[in-house]
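Here is the structure we will look at, set down as structure tokens.
The values are calculated or read from the model by the stated rules, or taken from the named source; none is laboratory data. As the structure is a computational prediction, the values presented were derived from the model and not from experiment. Don't worry about glycine lacking a Cβ; one is built from the backbone with ideal geometry, like all the others, and counts go over all protein chains shown.
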Amino acid sequence: MHNQEVCGAVERQITAWGPEGFVTESRELVEEVRCGITVNGVHQGVFTCSPWDLEDAVTGWLWFRGLIHSGDEITRMEREGATFHVATRSVSQPCCEAAEACRLTPEEVIALSNGLEEGSRLFRRTGGVHTAALAKDGQFLIRREDVSRHAAVDKALGACLRQQIPSRGTVLVFSGRVAGEIAQKAADMGCAAIIARSAPTDYACAIAKQAGITLIGFARDDRFNIYTCPQRVTG
């Protein structure tokens, strides 16, 4: 498994324009790979992500597509080149998860949002990754990074599944904008709230409202906007 702080970026020569005119410089770019997945010998698809925490990415990818319902359903995971071969056992269907009651103070919202970016050295080096974290009671449980915002969430959930950390009732803390698909992933995980440093879409707000999720956007410095279910933020 790659360490994102060591292997997360590659050097590339670029041409930059500035006050001095055109200048040739060396810049760091985030790595991205393409992986295939088979489950019990059947090809299930291909996804792209950054080349670290790949087992978490595969686990989250499988869960969001309904191919597994818990981390312990995976009995074997092997990598052959650019393909992951996964073996699973059959289990009963899980019960539906729903957002549970929780409370956030404004100070917790700001602390979680600011802490998300402060903890990402790779973002400060390259500006090229998204970060997704799951938090509860004001503390980060899991934090994962990827060039893809979807893969970042997949990795965060995959890590929870593999470490047997329940995602229900957690807060998804997210570095990017919240589109409908991200809000739906949070709803599927049973998250109680989303805290994002950027904007949500109208469709994301509709999904969050229907799922009973508190959706917070533009959480930066000492400000934020609450788009749905504001009753969870108190104090």
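Some points to look at:
- Residue match in region 159-169 (condition: more than 19 Å from Gln231 (Cβ to Cβ), at pLDDT 95 or above, in contact with a His (Cβ under 8 Å, 6 or more places away or on another chain) and buried (at least 21 other Cβ atoms within 10 Å of the Cβ)): no
- Across region 213-234, the qualifying residues are those that are aliphatic (A, V, I, L, M) and crowded, with 22+ Cβ neighbours inside 10 Å, and the one among them that is nearest to Ile110 (Cα to Cα) is Ala219.
- Residue that is farthest from Arg149 (Cα to Cα) [pool: residues in region 40-89 that are outside any strand (DSSP E or B) and among the polar types (S, T, N, Q)]: Asn40
- For Glu108, the conditions (1) at pLDDT 90 or above; (2) under 22 Å from Ser50 (Cα atoms) are fulfilled apart from (2).
- Filtered by the rule that a residue be closer than 24 Å to Cys102 by Cα and touching a Phe, Trp or Tyr at 6+ places or on another chain (Cβ under 8 Å), region 127-151 gives Thr131, Ala132, Ala133, Leu134.
- Residue in region 54-76 that is basic (Lys, Arg) and modelled with pLDDT of 90 or more present: yes
- Residue list for region 145-169, restricted to those being in contact with an Asp or Glu (Cβ under 6 Å, 6 or more places away or on another chain) and within 20 Å of Ser198 (Cβ to Cβ): Val147, Ala152, Lys155
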